[in-house]
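K.L.:
Pasting a structure below so you can have a look.
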Amino acid sequence: MESIEQGIGKIFTDPDPDNARAFFRTKSRKLESKVMSVKEAVEKFVHDGDYLTLGGFGANRVPIAVAHEIVRQGRKNMGFAGHTSTHDFQILCAGEVFNRVDVAYIVGLEARGLSPNARRYMESGKVEVSEWTNYSLSVRFKAAAAGVSFYPARNMMGTDTFKYSGAKIIECPFTGTRYVAQPALYPDVSAIHVHEADIYGNCRARGITVSDFDVARASKRLIITCERLIANDEIRRDPSYTVIPYWCVDAVCEVPYGSYPGNMYAEYFSDEEHIREWMKTEEDPVEFKKFLEKNIYSCKDHFEYIEKNGGINKLLKLRDKEFMFVKARD
Amino acid sequence: MADYNTMELMICTAARELEDGASIVVGTGAPNAAAMLAQKAHSPNLVILFEAGGAAPLIPEMPISVGDSRTTWKALMASGMCEIMETCCRGMIDYTFLGGAQIDMYGNLNSTRIGPDHQKPKVRFPGSGGANDLASFCWRMLVMTPQDSKRFAEKCQFITTPGWLTGGDSRAKSGLPRGAGPYKIITNMAVMDFEPESKRMRIIGVNPGYSEKDVQDNCGFELLKAKKIVENKPPTARELSILRDEIDPYRYVIGR
């Protein structure tokens, strides 16, 4: 099939479905415990140069513990899917972890404003970008999850977003309708935070799903962090709740409050005070360095980070806020 | 002097565009306030959706993120991005509200960058997010934005999100879904639509206290003028009380 038009942006990952199949053929199907610490999981499965995806929606159900650990372990030269990434993007920019990004939404934190440090990094010339949209990245994951090399979509046409993407315009062999062929995106490694998982990696998640179920299936390696480990018996009691099967998963890390300072549906609301502090501190690079030393580099793990920022008292307040209990605003 | 500010005026004007029984995908901030106001004031059956997956919530207070828990509060469905965007692409969604750092005479929007070098921009903005998708798929795109001649630019430095592209039939020829496109632009000074043939921006109403000249003086390109330009109605006491007491009691969006 010939393309009518094509973007000048790079495709950072291989969309070839047979190459992906060759990899997935080697992936373990063994029902065995994958429980480990976040530190171990990142050491084992996240490498310099890998292409990374983080699940959730910026500051909602995000694998913050993994993002911090990647920065702490000093990963570099990674590729990254800037798919509705907000606070997670801020963290990775702080560690200058990546040098190439597929952009759908970056730099901003929605109603909270723009991250000064993420802007500095993206304006430095150190990062190569291809432009996409939220839906484009969603269907690039969907194509990969389906084991095909592209997905047709009706967005992006006529815009510079298309021009600076790696997509191509094609015509439907049935109707002549024009489509943007969105190349499959198979990440080397992804991390997704869920509500519950068993030791093998069978996962349950509540609330919005964003693109996570496709990301889980598209990824070559997958780290799951969960609010709670649950028994395999519970998974088998009602399999209709399983949204990610264990054979997609390489590591299971129990991290209660693992989306903090982000929001976790029906668990805790986002810590807006702390996110504001991040953004404010970023204005001064010297102060921001100290802030990172305190909140990431000197922390042993996610719990130490939470302890430094209000501990259990803070978490209980955020729980009240999530459920809109009386006085939750204070 | 009337007792309302420009943000309140824009939100009330925008809310009146949303008729009962319509569907809309909104973001955070002012668009969300407008959709909530429409629902409470005159369109109880307005279906509100969020691109991250929240569908038809009973929004208890303004969300900070289009994916936070407020977007699924007592909702009918907590779904995902493909579900929402594909509902738009199927033709089920009537409206969306978008914005940007620049808008041109055809309603194209820039939310990607300022400066000529794409790999080393002078200012980097978030990019499309879901804006390009929603503008491509939803039947009518609305823009709510303060008006000045820098933002209303002769040419967008980067077209992130499609308006009527280069006017005329260029959008239809591009391959984007037929019949969808920019509908109205709501500013602190005026309401504009698009002249049906040329698809150029056109003044159809001015807000109380502003003249057609004010509107043109604060625009970086020549605006067309409708045959009859109306004076827009100011917010009513009822609209203001809903907005201030129920929707934004902490005045995050409407300000002081």
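K.L.:
Taking every alpha carbon pair in the range A:212-330, what does the distance histogram look like in 5 angstrom bins from 0, in percent?
P.N.:
Histogramming the range A:212-330 at 5 Å steps yields 2, 9, 14, 17, 17, 15, 14, 7, 3, 1, 0 percent.
K.L.:
Taking every DSSP beta bridge with both residues inside chain B, roughly what % is antiparallel (nearest 5)?
P.N.:
DSSP beta bridges in chain B are roughly 45 percent antiparallel.
K.L.:
Right, another one. For peptide A:56-63, what's the mean number of Cβ atoms from other chains within 10 Å of each residue's Cβ?
P.N.:
5
K.L.:
Based on the alpha-carbon gyration tensor of chain B, what equivalent-ellipsoid semi-axes (square roots of 5 times the eigenvalues) come out, in whole Å, largest first?
P.N.:
26, 24, 18
K.L.:
Can you give the alpha-carbon Rg of the protein assembly as shown over 2.2 N^0.38 Å, where N counts its residues?
P.N.:
Rounded to two decimals, the normalised Rg is 0.95.
K.L.:
Is it possible to state the helix-based mean residue ellipticity at 222 nm for the protein assembly as shown, with each DSSP H run of 4+ residues giving -39500 (n - 2.57), the sum divided by total residues, to the nearest 500 deg cm²/dmol? What is it? Display every interim value, and only then the final one.
P.N.:
Working: 20 runs with 164 residues, N = 586.
It comes out at -7500 deg cm²/dmol, rounded to the nearest 500.
K.L.:
Turning to a different aspect of this structure: Given the pairs A:K126/A:K280; A:K39/A:K308; A:K126/A:K321; A:K34/A:K317; A:K321/B:K40, which are separated by over 31 angstrom at their Cα positions?
P.N.:
In this structure, A:K126/A:K321; A:K34/A:K317 lie more than 31 Å apart at Cα.
K.L.:
Provide the convex hull volume over Cα atoms per residue for chain A, in Å³.
P.N.:
Convex hull volume per residue, Cα atoms: 146 Å³.
K.L.:
Quote the convex hull volume per residue of the range B:29-172, based on C-alpha atoms, as a whole number of Å³.
P.N.:
Working: hull volume 19.2 nm³, N = 144.
Convex hull of Cα atoms, per residue: 133 Å³.
K.L.:
Given the options A:P17, A:P183, A:P173, state which has the largest fluctuation in a GNM of chain A using a 10 Å cut-off (strictly under) for Cα springs.
P.N.:
Ranking A:P17, A:P183, A:P173 by mean-square fluctuation puts A:P173 first.
K.L.:
For chain A, which longest stretch is free of loop sites, where a loop site is one of the chymotrypsin sites (Phe, Trp or Tyr not before Pro) that DSSP puts outside H, G, I, E and B and that has at most 15 other Cβ atoms within 10 Å? Walk me through the intermediate numbers first.
P.N.:
Numbers: sites that count: A:F174, A:F325.
Between exposed loop sites, the widest span is A:1-173.
K.L.:
What do you get for Rg/Rh of the range A:1-124 when both radii come from the Cα atoms and Rh is the Kirkwood radius?
P.N.:
Values: Rg = 16.6 Å, Rh = 16.3 Å.
On the Cα set of the range A:1-124, Rg over Rh gives 1.02.
K.L.:
Just to be sure I understand the model, the point goes 7 Å from the Cα along the line to the Cβ. What's the resulting B:L76 to A:H47 distance in nm?
P.N.:
4.8 nm
K.L.:
Same structure again: Measure out, as a whole number of angstrom, how far apart the alpha-carbon centroids of the range A:298-323 and the range B:131-195 sit.
P.N.:
Comparing the Cα centres of the range A:298-323 and the range B:131-195, I get a distance of 43 Å.
K.L.:
Sticking with this one: Report the trypsin sites (Lys or Arg not before Pro) located in the range A:242-330 that are in a DSSP loop and have at most 15 other Cβ atoms inside 10 Å of their Cβ, or state none.
P.N.:
Filter output for the range A:242-330: A:K300, A:K327, A:R329.
K.L.:
In the Gaussian network model of chain A, springs joining C-alpha atoms below 10 Å, which of A:L315, A:L54, A:L222 carries the largest mean-square fluctuation?
P.N.:
Maximum among the listed residues: A:L315.
K.L.:
Just want to confirm a number: the relative contact order over chain A, from Cα pairs under 8 angstrom separated by 6+ residues, in percent.
P.N.:
Values: 702 pairs, mean separation 69.3, N = 330.
Relative contact order here is 21 percent.
K.L.:
DSSP loop trypsin sites (Lys or Arg not before Pro) in the range B:107-172 with at most 14 other Cβ atoms within 10 Å of their Cβ, which ones?
P.N.:
The qualifying sites are B:K122, B:K150, B:K155.
K.L.:
Springs between alpha-carbon atoms under 10 Å, Gaussian network over chain A: tell me which of A:E96, A:E131, A:E293 tops the mean-square fluctuations.
P.N.:
Result: A:E293 has the largest fluctuation of those listed.
K.L.:
Can you bin every Cα-Cα distance in the range B:65-123 into 10 Å intervals starting at zero and give me the percent of pairs per bin, rounded to whole numbers?
P.N.:
17, 30, 30, 20, 2
K.L.:
Between beta-carbons, use under 12 Å as the cut-off and find the net charge around B:R238, counting Lys and Arg +1, Asp and Glu -1.
P.N.:
-1
K.L.:
Still on this structure: Length gain on complete extension for the stretch B:S149 to B:S170, per 0.36 nm per residue less the alpha carbon to alpha carbon distance?
P.N.:
Additional length available on full extension: 5.1 nm.
K.L.:
When only Cα pairs under 8 Å and 6 or more residues apart are kept, what is the percent relative contact order across the range B:56-119?
P.N.:
Result for the range B:56-119 is 19 percent.
K.L.:
Across all directions of projection, what mean area in square nanometres is found for the Cα convex hull of the range A:265-320?
P.N.:
Across all orientations, the range A:265-320 yields a mean hull projection of 4.1 nm².
K.L.:
Separate question: Any chance you could check the Cα centroid distance between the range A:267-283 and the range A:209-234 for me, in angstrom?
P.N.:
Here the two parts' Cα centres lie 26 Å apart.
All of the numbers you see were taken from the coordinates with simple rules; none came from a lab. Quick caveat, the model's predicted, so the values are computed rather than measured. When we count neighbours, we look across all protein chains shown, and the Cβ atoms used for this are built from the backbone with ideal geometry, even at glycine.
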